[in-house]
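This report refers to the structure that appears directly beneath it.
The values are calculated or read from the model by the stated rules, or taken from the named source; none is laboratory data. Note that the coordinates shown come from a computational prediction; the quantities given were computed from them, not determined experimentally. Here the Cβ positions follow ideal geometry from the backbone for every residue, glycine too, while neighbour counts run over all protein chains shown.
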Amino acid sequence: MRMFVALVPPVEAVEHLDEFLAVRREAAPFRWTLPEQVHVTLAFLAEVPDRALEDLVERLARAAARRTPVATRIAGGGAFPNPARARVLWAGLGLDDVGRTEVGRMATGARAAASRAGVAVDGQRFRPHLTVARLGRPAEVSSWVRLLDSYDGPAWTADTVSLVASHLGEGPRNRPRYELVEQLPVG
């Protein structure tokens, strides 16, 4: 099973971002992320064997319980790998130093829990972000990054870690369909 561990912003925060982007989307032929799929990936798990799922959930629950809820907001933005040759446009999280450290520890804990459950963790160095669009080919997106840098959404508390199954090609327009498997309280 293909899965990821994530912080999922509340509906109100996602709707606020969606309204901000809605009037601007037609200006770019990007593949925009559906609002119900906006999240911060803490750990990506390309292949979770059924036999490892129960252990994974238990370990993720313990890891989440060791962390502290974090006050945050969707704010700012950027592009991967960079604005000059972007493949991904993203919004950031407004975090103070303590929040940035705590969210980093949530990611480290989720990745360690997966590894200890025998599940390989994919991905590179953790950088908290919410993918808002994907580009078919590299493009210059500095103006979009400046636009996202001006965004500052409503405050919310990251107090739940979600384990989500991703079913490729089963969602709208052949996108993945996400299925919430487990919500684990932080703290």
message: Filter the range 91-115 down to the residues that are surrounded by 15 or more Cβ atoms within 10 Å (Cβ to Cβ) and among the acidic types (Asp, Glu) and list them by number.
response: 102
task: Sort out which residues of the range 1-24 are crowded, with 18+ Cβ neighbours inside 10 Å and either at positive phi or not in a helix (DSSP H, G or I) (or both), and write them in order of number.
output: 3, 4, 5, 6, 7, 8, 9
task: Would you check if there is a residue in the range 85-95 being more than 27 Å from residue 12 (Cβ to Cβ), touching a helix residue (DSSP H, G or I) at 6+ places or on another chain (Cβ under 8 Å) and assigned to a helix (DSSP H, G or I)?
output: no
The lone exception for residue 136 - which of (1) at pLDDT below 95; (2) surrounded by 14 or more Cβ atoms within 10 Å (Cβ to Cβ); (3) assigned to a strand (DSSP E or B); (4) not hydroxyl-bearing (Ser, Thr, Tyr) it fails: (2)
- prompt: Hey, residue 62 hits all of (1) in contact with a strand residue (DSSP E or B) (Cβ under 8 Å, 6 or more places away or on another chain); (2) without any contact (Cβ under 8 Å) to a residue 60 or more places away in the chain but one; which does it fall short on?
  reply: (1)
- request: Please work out if residue 118 is over 27 Å from residue 23 (Cβ atoms) and over 14 Å from the mean Cα position of the chain (by Cα).
  value: yes
statement: Matching residues in the range 153-183 (of a type in the set (Gly, Ala, Ser) and over 25 Å from residue 20 (Cα atoms)) number 4
- request: Sort through 171, 153 and tell me the only one that's farther than 30 Å from residue 113 by Cα, surrounded by 12 or more Cβ atoms within 10 Å (Cβ to Cβ), of a type in the set (Gly, Ala, Ser) and in contact (Cβ under 8 Å) with a residue 12 or more places away in the chain.
  value: 153
- prompt: Which number in (1) in contact (Cβ under 8 Å) with a residue 60 or more places away in the chain; (2) under 30 Å from residue 1 (Cβ atoms) marks the one condition that residue 88 misses?
  reply: (1)
query: Is it true that residue 54 is touching a residue at least 60 places away in the same chain (Cβ under 8 Å), within 21 Å of residue 166 (Cβ to Cβ) and not in a loop (DSSP other than H, G, I, E, B)?
result: no
statement: residue 121: passes all of (1) more than 18 Å from residue 75 (Cβ to Cβ); (2) without any contact (Cβ under 8 Å) to a residue 60 or more places away in the chain but (2)
